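Written below as structure tokens is the structure these notes are about.
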Amino acid sequence: MRTQIRMTAVLVLLALPACGGGAGGGGRTSPFTGERGGDPGPVLAVKIDNAPGARPQTGLGSADLVWAEEVEGGMSRLVGVWSGTLPDRVGPVRSARESDLELLAQLGEPVFAYSGAHEAVAARIRRAGVVAAPPGAAPGAYERDGRRASPHNLYLRPDRLLAAVGDTADAADAGLGFGDAPERGGERARTYEVAFPRARFAFRWAAGEGRWRVALDGDAVDARPATVVVQRVTVRESALRDGNGNPTPYTETVGSGDAVVLRDGRAYEGRWARPEKGAGTEFTTPEGEPLRFARGPVWIVLDAADAAD
């Protein structure tokens, strides 16, 4: 049993600054956070390292949306998504996987930053509906940090990257809905944990901030999502292998399954559905009503469905 859940009535607040994020203000509404203000523009998706040597990561705290996915050996990596407001620096940047293309298709035509890819994956990326932006496509946008050991030392300058790739498409509707929580259901959840074979994600509700605090393998992360989703998906072996001969997992994000949505200090059981690659992912209650997210940044953990059995 890989998914471990702990719900307690104990509220622990750490001495960290509060995080804002309301629905007020002018401008357009972000399809990734449900917040108004600013001008959601081109979508930047970055493949981010989550090995112990990569921490603390840079830029995660400003991401609109973060996906956590399983990679070889039961470890994990992250995909951070930004639209409108960009951080100065993001990283460490790591390599792409085949299932990233299915995942990112719901964002429209994002700029996809990654350090490299298996030859077969690189060919598929070139044919996919993304703007491929590894270091070779925009070398001036990437830099090595001499204080970090390779391969955990490649960082991205997002403004330089978007300037290098030129015209790009604006953010697409990813299917996410924002608004009030369901009137019924939901269990009080002060902490919630999800475990991959070799990675652990812990979320702790901070009522004074109205956000969840994130820890990766016990390491605190500078990120404060308003909503956390545990999306139960099929994770299967692909035909590809890494340099050590380990099979590369393929995470299926088209289809349907169970989900848990954490918001406002409560956990709501739900369902997710995505009928095709070009469609967004919709979340509903078990009765089929929309299961809306709290406005603000979103983290989605793509957890193997059989791990919850």
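Name every residue in the range 169-188 that is in a loop (DSSP other than H, G, I, E, B) and within 21 Å of the chain's Cα centre (by Cα), in order of residue number. Reasoning before the result, please.
Step one: filter the range 169-188 for residues in a loop (DSSP other than H, G, I, E, B), giving 169, 171-177, 179-186.
Within the range 169-188, ALA169, ALA171, ALA172, ASP173, ALA174, GLY175, LEU176, GLY177, GLY179 qualify.
Restricted to the range 56-88, and to residues there that are assigned to a loop (DSSP other than H, G, I, E, B) and within 11 Å of VAL46 (Cα to Cα), the residue that is farthest from the chain's Cα centre (by Cα) is GLY59.
Are there any strands (runs of 3 or more DSSP E) wholly within the range 230-277 with 1 or more residues that are of a type in the set (Asp, Glu), under 30 Å from ALA189 (Cα atoms) and over 19 Å from the mean Cα position of the chain (by Cα), and if so which? Lay out the reasoning, then the answer.
On the way: elements: 247-252, 255-263, 266-274.
Qualifying strands (runs of 3 or more DSSP E): 266-274.
Assessment of the range 39-52 against the conditions (crowded, with 20+ Cβ neighbours inside 10 Å, in the same structural domain as VAL121 (by TED's automatic domain parsing), of a type in the set (D, E, K, R) and touching a helix residue (DSSP H, G or I) at 6+ places or on another chain (Cβ under 9 Å)) yields at least one matching residue. The residues of the range 42-55 that are in a strand (DSSP E or B) and either without any contact (Cβ under 8 Å) to a residue 24 or more places away in the chain or not small (Gly, Ala, Ser) (or both), listed by number, are PRO42, VAL43, LEU44, VAL46, LYS47, ILE48, ASP49. Checking each residue in the range 125-145 for being exposed (fewer than 15 other Cβ atoms within 10 Å of the Cβ) and in a helix (DSSP H, G or I) picks out ARG126, ARG127, PRO139, GLY140. Of all residues in the range 181-220, exactly one satisfies the criterion of being under 16 Å from PRO297 (Cβ atoms) and in contact with a Ser or Thr (Cβ under 6 Å, 6 or more places away or on another chain), namely ARG204.
Taking the range 87-116 as the range and being surrounded by fewer than 22 Cβ atoms within 10 Å (Cβ to Cβ) and either on the phi > 0 side of the Ramachandran plot or touching a helix residue (DSSP H, G or I) at 6+ places or on another chain (Cβ under 9 Å) (or both) as the test, the residues that pass are PRO87, ASP88, ARG89, SER95, GLU98, LEU101, GLY108, GLY116. For the range 77-86, residues that are surrounded by fewer than 24 Cβ atoms within 10 Å (Cβ to Cβ) and at pLDDT below 95 total 3.
Kindly provide the set of residues from the range 101-140 that are within 11 Å of LEU156 (Cα to Cα) and either among the acidic types (Asp, Glu) or within 22 Å of the chain's Cα centre (by Cα) (or both), ordered by number. Can you show your working first?
Here is the first cut: in the range 101-140, the ones within 11 Å of LEU156 (Cα to Cα) are 113-115, 133-135, 138-140.
Answer for the range 101-140, where residues must be within 11 Å of LEU156 (Cα to Cα) and either among the acidic types (Asp, Glu) or within 22 Å of the chain's Cα centre (by Cα) (or both): ALA113, TYR114, SER115, ALA133, PRO134, PRO135.
When the test is whether a residue is buried (at least 16 other Cβ atoms within 10 Å of the Cβ), within 28 Å of MET75 (Cβ to Cβ) and touching a residue at least 40 places away in the same chain (Cβ under 8 Å), VAL261 does not pass it.
Taking (1) surrounded by 21 or more Cβ atoms within 10 Å (Cβ to Cβ); (2) under 28 Å from ALA279 (Cβ atoms) in turn, GLY177 satisfies each apart from (1). Condition check for LEU176 on (1) in contact with a Phe, Trp or Tyr (Cβ under 8 Å, 6 or more places away or on another chain); (2) over 26 Å from MET75 (Cα atoms); (3) assigned by TED's automatic domain parsing to the domain that holds VAL66: one failure, at (3).
For GLY116, the test of being modelled with pLDDT under 95 and either under 22 Å from PRO225 (Cα atoms) or part of a loop (DSSP other than H, G, I, E, B) (or both) is passed.
The values are calculated or read from the model by the stated rules, or taken from the named source; none is laboratory data. Small disclaimer: the values here were computed from a predicted structure and weren't measured. A quick note on method: Cβ atoms are made from the backbone with ideal geometry, for glycine too, and the neighbour counts reach across all protein chains shown.
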